[in-house]
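Since every read-out is calculated from the coordinates, none of them should be taken as a lab result. What you see is a predicted model, and the numbers here were worked out from it, not measured in a lab. Cβ coordinates were reconstructed from backbone atoms using ideal geometry, including for glycine residues, and neighbour counts include every protein chain displayed.
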Amino acid sequence: MTSISVPLEAYLSVGALLFCIGVWGLINSRNAVRVLMSIELMLNAVNINLMSFSSYLDGQEIRGQVYAIFVITVAAAEAAVGLAILLSLYRNRDTVDMERFNLLRW
Amino acid sequence: MPSLAELTQLIVFALLATGVVVGSLGVVLLPNVVYAAFLLGGVFLSVAGLYLMLNASFIAAAQVLVYVGAVNVLILFAIMLVNKKEAMNAYPGMALRRLLSSGVCAGLLWLLLRVAFTTPWATPGPEPLGDGAVIRLGEHFFTDYLLPFELASVLLLMAMIGAIVLARRDVLTTDVGSGEAVDQALIEKARTPLLLEKTRP
């Protein structure tokens with residue numbers, strides 16, 4: 001028995017909601033760690049979309065799952081490099097407040 | 001009248017979706033970053049549950065291993081390393097920015113929901129593979145997706161070396177003003193950081 005009772009639109013709605021919450025957090029967070037967490041939320045929303053399309057529309061050639069694996073790989077690399085940049089930034093500026101990282105602002 | 005399996009699926013989906021949405025709202029809105037990081041782990045676990053409902057047991061396991069086991073622990077370590085209580089004082093235009101970004105996000109959500117509900121999806125598609133998905137995934141990785149698969153390994157190697165180079169503190173650098181060699185341990189030695197702004201508004 002495959003997942004017939006839950007419609008595809010329900011999964012897409014969860015993905016859309018998660019993505020919008022991630023965008024809001026990305027714009028409005030003051031703490032740099034929370035910005036990285038918001039990016040992870042957005043990547044997870046994209047993965048939910050890929051997986052639901054893969055299961056509902058492409059059940060035999062599961063290309064969505066292949067793409068989800070690649071997204072997870074890139075997300076892991078992004079988290080490692082992003083947190084290393086954050087540590088280096090904290091060592092130089094002595095803060096994690098996003099509003100004070102304005103050296104390159106006009 | 002839905003059957004028992006369909007009813008169970010609906011209930012499990014509702015629980016997982018509620019966990020995802022409420023958890024992510026907590027990640028974004030909670031004032032304490034440590035609570036936000038633990039809630040982020042809950043969101044990752046709920047997303048893994050959604051993957052299990054979508055006939056993708058291997059991706060669910062990878063999600064738990066990579067996100068909960070690696071990324072979330074990494075974020076907790078970063079919070080521990082930069083754990084400094086600082087007063088985020090308000091700046092002008094913050095309320096306006098919140099209002100504008102909320103409007104933009106609501107508009108984006110409306111657009112995405114409209115696309116999701118008005119597009120005539122070709123459902124039901126082919127029958128999902130279920131447990132044979134791992135075999136098909138392996139076939140994809142070693143035939144038509146071989147080049148991206150190998151490139152991903154190179155990307156992970158580059159990210160690992162880059163993270164080590166960026167985060168280590170005994171890199172030799174030179175002071176911009178005097179030209180002499182300094183190290184990056186600025187805070188421990190109570191030395192004035194090079195890039196601190198001179199005047200604060």
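Taking the C-alpha atoms only, the angle from helix A:63-93 to the longest principal axis of chain A is near 10 degrees. Hydrodynamic estimate: the Kirkwood radius of the protein assembly as shown over Cα pairs, inserted into Stokes-Einstein at 4 °C and 1.567 mPa s, corresponds to D of 61 µm²/s. For the residues A:N28, A:N44, A:N92, a GNM of chain A with alpha-carbon springs under 10 Å puts the largest fluctuation on A:N92.
The fewest-to-most ranking of A:F19, B:F141 by surrounding Cβ atoms within 10 Å reads B:F141, A:F19.
Counting every pair of alpha carbons in region B:2-49, the share spaced more than 15 Å apart comes to 48 percent.
Sorted fewest first by neighbouring Cβ atoms within 10 angstrom, B:T119, A:T95 come out as B:T119, A:T95. For region B:55-169, the pair-distance distribution built from all alpha carbon pairs, in bins 10 Å wide starting at 0, is 9, 17, 25, 31, 14, 3 percent. Here's the picture: charge each Lys and Arg Cβ at +1 and each Asp and Glu Cβ at -1 in the protein assembly as shown, and of B:I161, B:A87, B:T143 the one pushed furthest to the positive end of that dipole is B:A87. The residue among B:S24, A:A77, A:M51 whose Cα reaches farthest toward the positive pole of the charge dipole of the protein assembly as shown, with charges on the beta-carbon of Lys, Arg, Asp and Glu, is B:S24. Fewest neighbouring Cβ atoms within 10 Å first, the residues A:I27, A:I72, A:I48, B:I164 line up as B:I164, A:I27, A:I72, A:I48. Sequence-ordered 3J(HN,Hα) estimates for region A:53-58 from the Karplus curve with 6.51, -1.76 and 1.60 and θ = phi - 60° stand at 5, 4, 7, 8, 10, 9 Hz, glycine and proline given as x.
Averaged over the residues of peptide A:69-75, the number of Cβ atoms from other protein chains lying within 10 Å of each residue's Cβ is 6. The smallest convex shape that holds all Cα atoms of region A:51-106, its convex hull, gives 116 Å³ per residue. The mean number of Cβ atoms from other chains found within 10 Å of a Cβ in peptide B:68-76 is 4, as a whole number. Considering all C-alpha pairs of region B:1-114, those separated by over 25 Å amount to 43%. Comparing A:A45, A:A76, A:A32 in a Gaussian network model of chain A, where Cα atoms under 10 Å apart are tied by springs, the biggest mean-square fluctuation is seen for A:A76. Computed from the alpha carbon positions, the gyration tensor of chain A leads to an equivalent ellipsoid with semi-axes of 35, 15, 9 Å, biggest first.
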